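Okay, so here's the structure we're looking at.
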Amino acid sequence: MKWFLYISTFLFSISGFSQPANDDCADAITLTIGGGLICGEDGENSTLEGSECFTNYAGGSTEGTMWYRITATNDSLVLNFIETNSTICQPHIAIYGPYATGGGCNPACADQVYDELQAGDPGNHDLITGLSTTAGNADYLIQVQNNSCNGSGVSDIQFCLGIDEPAANGFSTGATLIDECGTVFNETTDGGYWNSGAGTSFADLDSTAGNDVAFVINNFAWNTFCSLTSGTWQITVNGVSNCNVPAPNDGIQAAVFTGTQASLTLEDSQSPINPGDNWTSATITVDSAECAYLGIDGFAGDVCDYQITLTNITGGCVVLPVDFLGLNAYRNENDVHLSWKTMSEVGNQYFIIERSTDGADYEEIGRINSIGDHHIEHVYQFTDDSAPSRNVYYRLSEFSNENEKTTLAIKYIKGETTDDYFNAYPNPTEGLLNVEFSQISPRLNSKIEIYNYQGEIIYSETFESSNGFNSRQINLHDFRSSNYLLRLTNDEKTFSSRILLK
């Protein structure tokens, strides 16, 4: 009998039918968060060990499991799974935890924090929230369940797997700035991107109802450029390479928008852009001090490298610098409130605020000293308390230590008081969030609510707001770093904004 067992084991091994090395959760492969995808994983001959939790699917499937381990560094992480072959039965993924370092085997079904059949597109990218980051108790086990079915065709999964912290430019509010024309920007859909939209196919990308693109969102990455002068532009996307999903589902898809982050207008899109293909958008018009947005998504959930090039057609290539995040302005009767944000400053002495009634001739009305060299987000504010009642232009410039003046933005404000102003900043924020809005009613009960991605309200405040400009500051230091939805409501209207707490 012993000889029979030895010979059987030997033949099992030399025939290439050995179990995966991580067939048992005690031998789970440790994944590095942000370390990219590990590919070539194969579920063939994976088995169930002991009392492992698993989902029993009908139809004659044979279940086997492969195990991976992570130590959470953020309460929200993105799970990237790409199936690289075509199977009869779809794989199933579960995550268990939290456990002490190196612990958790064999996990109980009750410890599941994520449980999903990987059906649909080959690439699935899901945001996992509510994870523990407590030192010594932040380990999680990832179980990939291979479902081998009877029938013709391939039944054992082959796949890539990885895990990342959420990317800041997973939302339009954190879009990466394209600050040069003719320069090739090298990017990738790998790492930290997930199905960050809402509605059908996750294709609702702003605060207004309805889908904004005609394709399914899997792992959307945002870019933006902001024009100092009115003009026309085109964006070229090419260099698609190093894709992980096999043809014909390999490649990316792209969409170009104008408007605002809260109300996007689709200008052009392309799905797919396969490896080796080039796509140049239709010519789009961007007004002075306004922005356009480019979103790139993996076709069928693919992960690829790609290149972006911005081309100016008319108006001149005058785009805002990378350290400047925009100028906001709001009129309240004779006062105009200005605010702007910087991500970094080097060698800047002060900012100059100028005003014009015709957009051509400007006069200086104020200066704000720089806080000095920094590489953190900072918000500046200035109030023009003698603004004329008619239409007016504001020009913001910086003055360097080398006595060089650089214009950063021009903002046009209508003469009448506006009643649709809303702004939440800084975004992303490290804890303190300013919420500004306007209203025309003399007195209203307004409510601010903040939701997590399970739809749960984690912050709620009701207060009395008045005619004109209103401002509230919210302290989010006690909340976990993650993406949230902020909603302001009163009897006049509803404003909403996605925010990122770092």
Query raised in the report: Among (1) modelled with pLDDT under 90; (2) closer than 16 Å to Gly298 by Cα; (3) more than 17 Å from the chain's Cα centre (by Cα), where does Cys160 come up short?
Result: (1)
Query raised in the report: Which of the residues that make up the stretch 250-290 are in contact (Cβ under 8 Å) with a residue 60 or more places away in the chain and on the phi > 0 side of the Ramachandran plot?
Result: Ala289
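Can you tell me which of Leu444, Leu396, Leu488, Leu433 is under 18 Å from Gly174 (Cα atoms), at pLDDT 85 or above and assigned by TED's automatic domain parsing to the domain that holds Asp358?
Details: Leu444 fails: under 18 Å from Gly174 (Cα atoms); Leu396 fails: under 18 Å from Gly174 (Cα atoms); Leu488 fails: under 18 Å from Gly174 (Cα atoms).
Within the list Leu444, Leu396, Leu488, Leu433, the selection yields Leu433.
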Report summary line: Scanning the stretch 192-211 for residues that are in contact with a strand residue (DSSP E or B) (Cβ under 6 Å, 6 or more places away or on another chain) and more than 20 Å from Ala168 (Cβ to Cβ) gives Asp204, Thr208, Asn211
Report task. Return yes when Asn403 is part of a loop (DSSP other than H, G, I, E, B), over 22 Å from the mean Cα position of the chain (by Cα) and either closer than 26 Å to Leu127 by Cβ or without any contact (Cβ under 8 Å) to a residue 40 or more places away in the chain (or both) and no when it is not. Result -> yes
Report summary line: Filtering the stretch 309-331 down to residues that are at pLDDT 75 or above and in a strand (DSSP E or B) yields Thr309, Leu310, Thr311, Asn312, Ile313, Thr314, Leu327, Asn328, Ala329, Tyr330, Arg331
Query - Residues within the stretch 429-460 that are surrounded by 12 or more Cβ atoms within 10 Å (Cβ to Cβ), more than 20 Å from the chain's Cα centre (by Cα) and closer than 24 Å to Thr129 by Cα, tallied - result: 5
Query - Restricting the stretch 59-115 to residues that are among the charged types (D, E, K, R) and surrounded by 15 or more Cβ atoms within 10 Å (Cβ to Cβ), the residue that is farthest from Gly170 (Cα to Cα) - result: Glu63
Report summary line: Considering only strands (runs of 3 or more DSSP E) wholly within the stretch 204-282, the ones with at least 1 residues that are at pLDDT 95 or above and in contact with a Pro (Cβ under 6 Å, 6 or more places away or on another chain) are 231-241, 252-260
Query raised in the report: If you take the residues of the stretch 476-502 that are farther than 20 Å from Ser76 by Cα and assigned to a strand (DSSP E or B), which of them is farthest from the chain's Cα centre (by Cα)?
Result: Thr489
Query raised in the report: Here are some conditions: (1) under 19 Å from the mean Cα position of the chain (by Cα); (2) surrounded by fewer than 16 Cβ atoms within 10 Å (Cβ to Cβ); (3) more than 21 Å from Thr208 (Cβ to Cβ). Pro426 meets all but one. Which one does it not meet?
Result: (2)
Query - So Val184, is it buried (at least 22 other Cβ atoms within 10 Å of the Cβ), among the aliphatic types (A, V, I, L, M) and over 30 Å from Tyr484 (Cβ atoms) - result: no
Query raised in the report: Ser196 versus (1) surrounded by fewer than 23 Cβ atoms within 10 Å (Cβ to Cβ); (2) out of contact with any Ser or Thr (no Cβ under 7 Å at 6 or more places or on another chain); (3) part of a loop (DSSP other than H, G, I, E, B): which is the lone unmet condition?
Result: (1)
Report task. State all residues of the stretch 180-221 that are farther than 23 Å from Pro122 by Cβ and among the aromatic types (Phe, Trp, Tyr); if no residue qualifies, say none. Result -> Phe185
Report summary line: The number of residues in the stretch 459-485 that are modelled with pLDDT under 90, more than 30 Å from Asp335 (Cβ to Cβ) and not basic (Lys, Arg) is 8
Query raised in the report: Would it be correct to say that Pro272 is surrounded by fewer than 21 Cβ atoms within 10 Å (Cβ to Cβ) and assigned by TED's automatic domain parsing to the domain that holds Thr188?
Result: no
Requested in this report: Determine if the stretch 75-85 includes at least one residue that is under 25 Å from Gly35 (Cβ atoms), touching a Lys or Arg at 6+ places or on another chain (Cβ under 6 Å) and not in a strand (DSSP E or B).
Outcome: yes
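Could you check the stretch 299-317 and list, in sequence order, the residues that are more than 30 Å from Asp126 (Cβ to Cβ) and either surrounded by 16 or more Cβ atoms within 10 Å (Cβ to Cβ) or small (Gly, Ala, Ser) (or both)?
Listed by number, the residues that qualify are Thr309, Leu310, Asn312, Gly315, Gly316, Cys317.
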Query raised in the report: Could you list, in sequence order, the residues of the stretch 331-373 that are farther than 14 Å from Thr383 by Cα and either basic (Lys, Arg) or more than 37 Å from the chain's Cα centre (by Cα) (or both)?
Result: Lys341, Ser356, Thr357, Asp358, Ala360, Asp361, Tyr362, Glu363
**Report entry** Residue check for Asp277: within 27 Å of Ile499 (Cα to Cα) and not hydrophobic (A, V, I, L, M, F, W, C)
**Finding:** no
Report task. Those residues that are among the hydrophobic types (A, V, I, L, M, F, W, C) and surrounded by fewer than 18 Cβ atoms within 10 Å (Cβ to Cβ), I need them from the stretch 246-269; list them, please. Result -> Ala247, Ala262, Leu266
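The values are calculated or read from the model by the stated rules, or taken from the named source; none is laboratory data. These figures come from a predicted structure and were not determined experimentally. Here the Cβ is made from the backbone with ideal geometry for all residues, glycine too, and neighbour counts use every protein chain on show.
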